[in-house]
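The values are calculated or read from the model by the stated rules, or taken from the named source; none is laboratory data. This one's a predicted model, so the numbers in the text were calculated from it and none came from an experiment. Here the Cβ is made from the backbone with ideal geometry for all residues, glycine too, and neighbour counts use every protein chain on show.
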Amino acid sequence: MTVDSESVHRLSTEAPSRHRGRRGDLVSMLLLLVFLAAFPFVAPGSLVGVGVYAMIYAIAALGLSLLMGLAGQVSLGQAGFFAIGAYTQAVLVTEYAVNALLASVVAVAVTMTAALLVGLPLLRLRGHYLALATLGFGIIVAVLATESDFLGATSGIFGIEKPDVNGRVYDSATEYFLLLTPVVLVALLLARNIVESRIGRALSAVNDSEVAAESLGVDTFRLRVQVFVLSAAYASVAGTAFAHWIAVVNPNAANFPLSVKFLLMAVLGGVGSVYGAVVGAFAVEGLDDGLRRLIPELVPGAVGEVQLIGFGIALTLIMIFLPGGLHQAFQLLVGRIRRGPSDGAAPDPGAPARQVDGGPLLVREGRPEPGTPLLVVEGLTKRFGGVVAVDSLDLTVHAGEIVALIGPNGAGKTTAFNMISGAVIPTSGTVTMSGKRVEGRKPHVIAMAGATRTFQNLQIFTSSTVLGNVKVGRHLRSRAGLLRGALVLPARAEERALERSARDLVELLGLGPDADRLAVDLPFGRQRLVEIARALALEPDLLLLDEPMAGLSGAERSELALLLRRLRAGGMAIVLVEHDVEAVLALADRIAVLDDGVRIALGTPAEVRRDPAVISAYLGVETDDGSELASVEGPSAS
């Protein structure tokens, strides 16, 4: 991407909030490290045993936290993957005398393969349907283990030895806790890196607005499958550690209550934080053990699982008053501590976009020559029952031109946009982008073909900053996957280049002072500019803008019009739906007019403004007096 220096001024330093976030992340990791290192030496012996279970379960809860926090999917079958890992480990070390570490690698590989086979069909489901389907998977694993003589049936597999590392057997609670500490820290670090990576940004965007994320090239299904498999891998690692700790694996490792426990750990800790899974694991195990001891004291003669009543009450209260879990409580505490005099003046939310001028903008190699047909729409039709929203629309858009799509409310403009961009499947007709048929394909396929869009109803990624929104727009211009993101170093150069280009666009749209603010906190008009900056980050050949001037001030409209002209000069094709007819007449090279789903006119602004059919459609009357559309419409049409 090429951006001239006259129109772009990069920020010389990162925002204070970004520094605070990184410092807070480092402090959190150091505090956790100190806690884990000290716990087995300062806690009573009985609690160290509880801590071992917490450490094992924390790994599985981490995987579930990634699945819920990133992919937005709830799984009630995490114990199924936990059991697959545990059983595979048990079989390898007891029946085939495989080294424990090598067996763990094989167990994780087996579990990931199972997760892939399960995830491909199940992840096409959403919400409670997926939760119920994964619950069914966990039940199937438990039944298979119970009925399999090879796996020991109801008795399970016995005789699993404690880990032996360099001749040292880790057979005490303290030693096993210390052995698990680096495993948990590495698992936590990898999860944290993934959340902060290109993949983490994309999945966070999907949770905020799936259609907007897909329009920027995010293949949501593929990424959800990847995180589902990764979550299963975490559960498998936990299962292998569990097998060696208790020296036996039976069907209880796959039971539903264990899946619920993993879910509680992730939710209680706070799915918004990977650290929350570890904290939640200690909290749930500590609360379970504490109530197990306390209830018999309060209720003499209480036996069995009576403590689960108090456990359930305590968790219910926490969920009512702290739905964000312990992470929310921590954030509230930190927020109160930080309250004080402002560090500086807040950005002016009503500040207009910075004045820009100059020549062609966002020129890039490989873009089609001006005049080359980019988008060819033929016979595009959409019926909703007996209603024809768009009827046999034909339209060709060339590189280096601005085409406007106008018409009265309900004319079918947004429906046409949705079919072109992949958000709606057409009833009939074809859409060809750069010579490739794309009708009926997902929005990410359209984006890969070089086209993206904005939305009439804002689709801002509410959990991200302005800069974070624009970074998602660079998804197809970067390549780091889960592995590179987890390891950080291989993706560092790409991340730095991505941040520079994203800040360039933020500055270009006059959003520099708001770069590190949550996008949802900006006024409506500024959010509209964020959407445009985010779309431009894709470096599209074709930009589809749905009412881009809605909510903008007069100065912002002028700046946007100038920006669009410069993009056109750079070879980009632009199609816009807009109700401000006066602005359209001044900006567009050609205008297509829809009325009741039918294209009634196509031509230059001068031709369209004098077209009797167009004037009749807008006024609802027949006219043959040569009246001009702009003169009767005024500054805006709806």
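Here are some notes:
- Residue 98 vs. criteria more than 14 Å from residue 249 (Cβ to Cβ), out of contact with any Cys (no Cβ under 9 Å at 6 or more places or on another chain) and in contact (Cβ under 8 Å) with a residue 12 or more places away in the chain: no
- Test for residue 568: is it touching a Gly at 6+ places or on another chain (Cβ under 9 Å), under 30 Å from residue 432 (Cβ atoms), assigned by TED's automatic domain parsing to the domain that holds residue 407 and charged (D, E, K, R): yes
- So residue 424, is it within 32 Å of the chain's Cα centre (by Cα) and either among the aromatic types (Phe, Trp, Tyr) or at pLDDT 95 or above (or both): no
- Qualifying residue in segment 525-537 (condition: closer than 12 Å to residue 402 by Cβ and at pLDDT 95 or above): no
- Of the residues making up segment 481-493, those that are assigned to a helix (DSSP H, G or I), buried (at least 17 other Cβ atoms within 10 Å of the Cβ) and not basic (Lys, Arg) are 482, 485, 486, 491.
- Filter result for the condition that a residue is more than 23 Å from residue 107 (Cα to Cα) and crowded, with 24+ Cβ neighbours inside 10 Å, over 249, 237, 211, 279: 279
- Test: residue 574 is modelled with pLDDT of 90 or more, surrounded by 16 or more Cβ atoms within 10 Å (Cβ to Cβ) and over 30 Å from residue 463 (Cα atoms): no
- Criterion violated by residue 607 - all others in (1) touching a residue at least 24 places away in the same chain (Cβ under 8 Å); (2) closer than 29 Å to residue 391 by Cβ satisfied: (1)
- Options 153, 187, 173, 131; residue that is assigned by TED's automatic domain parsing to the domain that holds residue 50, surrounded by 21 or more Cβ atoms within 10 Å (Cβ to Cβ) and of a type in the set (A, V, I, L, M): 187
- Boolean, residue 497 is over 30 Å from residue 63 (Cβ atoms) and either buried (at least 23 other Cβ atoms within 10 Å of the Cβ) or at pLDDT 95 or above (or both): no
- Residue within segment 77-90 that is modelled with pLDDT under 95, assigned by TED's automatic domain parsing to the domain that holds residue 198 and under 29 Å from the mean Cα position of the chain (by Cα) present: yes
- The sole residue among 33, 70 that is surrounded by fewer than 18 Cβ atoms within 10 Å (Cβ to Cβ) and not polar (S, T, N, Q) is 33.
- Within segment 370-415, the set of residues being of a type in the set (D, E, K, R) and under 16 Å from residue 540 (Cβ atoms) comprises 401 only.
- Condition met for residue 237 (part of a helix (DSSP H, G or I), without any contact (Cβ under 8 Å) to a residue 60 or more places away in the chain and farther than 21 Å from residue 125 by Cα): no
- For residue 285, the requirement of being out of contact with any helix residue (DSSP H, G or I) (no Cβ under 9 Å at 6 or more places or on another chain), assigned to a helix (DSSP H, G or I) and not aromatic (Phe, Trp, Tyr) is not met.
- Tabulated pairs, segment 401-423, first over 14 Å from residue 579 (Cβ atoms), second of a type in the set (S, T, N, Q) and not in a loop (DSSP other than H, G, I, E, B), C-beta under 8 angstrom, 6+ apart or interchain: 421/215; 421/452; 422/215; 423/215
- Filter result (surrounded by fewer than 24 Cβ atoms within 10 Å (Cβ to Cβ) and assigned to a strand (DSSP E or B)) within segment 434-478: 436, 437, 465
- Answer residue from segment 495-522, given it is of a type in the set (D, E, K, R) and in contact with a helix residue (DSSP H, G or I) (Cβ under 8 Å, 6 or more places away or on another chain) and is nearest to residue 481 (Cα to Cα) among those: 495
- Selection status of residue 358, under 20 Å from residue 590 (Cβ atoms), at pLDDT below 95, assigned to a loop (DSSP other than H, G, I, E, B) and not aromatic (Phe, Trp, Tyr): no
- Meets criteria (surrounded by fewer than 21 Cβ atoms within 10 Å (Cβ to Cβ), on the phi < 0 side of the Ramachandran plot and not polar (S, T, N, Q)) for residue 534: no
- Test: residue 201 is of a type in the set (D, E, K, R), outside the structural domain of residue 422 (by TED's automatic domain parsing), crowded, with 24+ Cβ neighbours inside 10 Å and part of a helix (DSSP H, G or I): yes
- Condition check for residue 514: in the same structural domain as residue 469 (by TED's automatic domain parsing), buried (at least 22 other Cβ atoms within 10 Å of the Cβ) and either at pLDDT 95 or above or not hydrophobic (A, V, I, L, M, F, W, C) (or both): yes
- The condition of being of a type outside the set (S, T, N, Q), in the same structural domain as residue 108 (by TED's automatic domain parsing) and under 29 Å from the mean Cα position of the chain (by Cα) holds for only one of 241, 277, 235, 283, that being 235.
- Test for residue 381: is it hydroxyl-bearing (Ser, Thr, Tyr), modelled with pLDDT of 90 or more, over 29 Å from residue 562 (Cβ atoms) and touching a Lys or Arg at 6+ places or on another chain (Cβ under 6 Å): no
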